[in-house]
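Written below as structure tokens is the structure these notes are about.
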């Protein structure tokens, strides 16, 4: 077919396939057109034939797709990277590819899909034979038909002959029952670090959900409220822009309490000090998001009483220059307008394989969709006439602007040592009013009054967060030592109209807040060749929050004497002022020890000892101020435990039973005065007895202790039908004790104190399922049901009262189709979510939120280095309430239908 003197070269590469692959031939090199090379090639091909024929019938098995991250480079280098990553045999014509550039491939694709993207426009075409061999040849062109055979044609003929030979091998195997390729299947194995070790999601013996890069992009996820309510057992009450109160497994008692859910960006904790809102860092250039359900007190501490949400950013790539530039435009229905987004990512390898820099920048401009109708509302008009304020009418208030960026540097001087530094920042500006609505008005309507000279008549908010993280990791081979140092600074300035709030006065509260958090963790994770494994570490944090708040009068000065019979005084700038400083110092030591009893059973025990001191200094003045509370302290030392037993009868089945404790640190409180509140003993006789009259609370009670819960859980994970069907199931019961509740003394005292006097029980079930129906169709299901109730009467409510923020049922469905559009890789996806009704208060004072259906869709196509996608969020234009924190004035509605387009250029 060709002479030995012809100088063509062929590249033949074979990598050992990962698990359950028949051929295992190793050969790498350049084969030159000489007799010895012909002999070597002949022997190699025959060896491959024998390996394929002797492998015999094997069980039909889908080939999972892979997460590709191949930059634009020569075809030769790109193909070798692809073959090495997926572990297949590669055969391609050597000379012609040297001068041709391949397209970048980034995302999760099957081998054939990746080949189509990589080779488009190169004049080459690729295929994967039934025998599991990547073959690359010159694309057929009608212009070559009828022309005499030249050297290129000879090469192509020879290559076609080899292809036919491999195809014959594959045909023999297929006849014997082997089927190894499914072109559109996108089975992605997600590796998580939920237990501070790298583990497959399906092999992690706990209830955890994870969203990988591909799912984040294909679902168009940007913020927490885009996805959290679609996770079984999780709900998020969106209270306007950037304010998200997360509830996991129903563990929540009020909206003003400390968070029960830990929020992390990489190794950095983002929990705030005195309220339950989560910092909403935008989901830009993330590797994955992990949602850990159930108490994580052992490994993640007090802020993770009911679970944790962890956003893991993409690490710098030490090998190649790469990046992307994305621009998007969308339009929101009702009174909404246009929205814009710009995202840029650049990865720079400064020293090959040693030092790399990754930079991210983004901006999201979102229109408001609330109408201010105060000037036409009778109640608002009456208010304005009474207090002498101005009213305005404005459409589309509540717009917001997010701007942020991140710089990551990875230094890896040796294979054992890795140093990662991250500096990130994000700013939120909302200068044209907020997004709260009034329930006594029509949908998307509110009636805030004018704030006058403060900001041209609108409520406003300016919030910023900056974080720095330094992670040093050293791998000894038998274990890894990691040090994580982080510092988070944030805060902001906001002006809130109180005329529409509970006070109903011509006041605006202007608050300037600063937050600082320093955290240091050092931990060791073993990788011993032993049935014993150890994870142990120490943790320290310092938190400080400073508040400066004023509530000036902005109505007519003559009307300042109307409220409370003139109780506001006469100075409009001395109605209310607060200077507060809140601090918390905490030290903890934690450890988990596991023992592999045999091939199927493993037992894990763990604990966390913690010691904290929390201090408050509050100075309030003015007519509505409550005076001074100086150097109030709360401190505690305690330990939290965990135990886990897992059983893996096969590689595809996992069962586990777990008991874990969670806790939340306490806080100082103001004691009731003994002179007026400890005048009688328990029998009603005159004289103090050391207890708050009419209660069992000591009169000197100056703090609430940590509230605690015990979580009992049974779980199972299945990978069935050749891993096409992946299922995760968990059943749990939570006993929650020591809830902080307000305990009121006898009427003669007139005081109430905060004490650990509440109890609750939560029972539920969670199910997640992913089913790869065919090579191109994927189906996702999420379902959870829970009962979360008080188990004794308290100031929170009567026994049987449902806890807030916890819908009895939530469900989600996802359907994804991968296909080719004019020869280009494309996809279409739809996500549906149902969230049952729930309340944001306890005791059923407020209107129910939830009870909504939400449908999101997205479709896209990859055109060489450009990805284009169309999407719609809230396609059904549901107008449901996402949170109600005050009837009838503080409620929040889901964003109306938004339709948009994204264009992303990858290089």
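Quick note: the coordinates plus some simple rules give every number you see, no bench work behind them. Please read all numbers here as calculations on a predicted model, not as lab measurements. Note that each Cβ is placed from the backbone with ideal geometry, even for glycine, and that neighbours are counted across all protein chains shown.
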If the chain between residue 613 and residue 200 were fully stretched, how many nm would it gain, using 0.36 nm times the residue separation less the Cα-Cα distance? 144.9 nm
So, relative contact order of the stretch 331-439 in percent, Cα under 8 Å, 6 or more apart, is 26
What's the exposure ranking of 125, 207, going from fewest to most Cβ atoms within 10 Å? 125, 207
Which shape class applies to the stretch 227-372: rounded if a/c is under 1.5, otherwise prolate when a/b exceeds b/c and oblate if not, where a ≥ b ≥ c are the square roots of the Cα gyration tensor eigenvalues? oblate
Taking R0 as 45 Å and r as the Cβ-Cβ distance between residue 676 and residue 603, the FRET efficiency 1/(1 + (r/R0)^6), rounded to the nearest 0.05, comes to 0.20
As a footprinting exposure proxy, order 853, 577 by other Cβ within 10 Å, with the fewest listed first. 853, 577
Given a Förster distance of 30 Å, the FRET efficiency implied by the Cβ-Cβ spacing of residue 361 and residue 390, rounded to the nearest 0.05, works out to 0.15
Mind checking the full-extension length gain between residue 325 and residue 532? Use 0.36 nm per residue of separation minus the Cα-Cα distance, one decimal, nm. 69.8 nm
Separation of the residue 765 and residue 546 label points, Cα + 7 Å toward Cβ, nm: 5.4
Stretchable slack from residue 621 to residue 401, in nm (0.36 nm times residue separation minus alpha-carbon distance): 75.8 nm
Per-residue Cβ neighbour rank within 10 angstrom, fewest leading, 200, 646: 200, 646
